[in-house]
Amino acid sequence: MFNSKKWRFGTSLLLTLGMTLATATPGLMSNPAMAQFYRQRQYGNQRGQYPNNLQRQFPGNPRTLPVNQRRPLPVAQIPAGTLIPVGYEEAEKVVLTPDESMRLRLTVTQDIRDVQGRVVIPFGSEIEGQLRPVSNGTQFFAEQVIIGDRRRFRIDAISKVVTDTERITKGANAGDILKGAAVGTGAAALLSAVLGDDVLEVERLLIGAGLGALGGVFVGRDKVEVVVIYPEEDLDLRLRSDLALR
């Protein structure tokens, strides 16, 4: 009957005798053959344990993992509380009634970096959002940031609450009040009723639509109160939550 233990012992004995003869008798086995023999004896068992040498050395290497197990790409993150300075290129100031909303597209005026110092929101990026009335004034609520004209990301950031108002009385100079201003539709209607058609002549391109229809509602007023916002001073944004950009 075939005995496997005796066969393995005999094979090992023959290999050992062969190597002894090869060592004692130069030329019997070439140097490359001897080196190959020793490598096979030394690493033969390890190959069975580690069929993939790259995986043995780098078990966490994402290139050797299935797609659904690979680690996500690094994310650039700007922490909550970061201040984002902005400006408004369309006008020097914005004039609204205290209960009026207005959509704006603001411009970022300096590079915004993540915690590692990388520029995440470059200078010149744009932020879209809306001026809205709140309990004690007017506030800007950011909705999305636009980077490079194409990349859009949701953003949760707000400005401070603007509480400054200005009282405009009949007979005031419309040019002094509205020079360089973007005027909301409601504010334009009120100002037109108090100041007359001079409002149309001064800021015809900046006021909202529908002024003629609204203006008639407020005819006869002799004073009006409006909110005056200076974007570069009043609308710098502060993140309310972390902003992560991939």
Before we move on, is F153 open to solvent by 30 Å² or more (accessible area, probe 1.4 Å), within 20 Å of G87 (Cα to Cα) and not small (G, A, S)? yes
For A76, indicate whether it is within 27 Å of the chain's Cα centre (by Cα) and at pLDDT below 85. yes
If R238 passes every condition in (1) modelled with pLDDT under 80; (2) over 19 Å from E100 (Cα atoms); (3) surrounded by 11 or more Cβ atoms within 10 Å (Cβ to Cβ) but one, which one does it miss? (1)
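The values are calculated or read from the model by the stated rules, or taken from the named source; none is laboratory data. What you see is a predicted model; the values in this text were computed from it and never measured. When we count neighbours, we look across all protein chains shown, and the Cβ atoms used for this are built from the backbone with ideal geometry, even at glycine. For accessibility, only protein heavy atoms count, side chains too; no ligands or nucleic acids. Shrake-Rupley method; radii C 1.70, N 1.55, O 1.52, S 1.80 Å.
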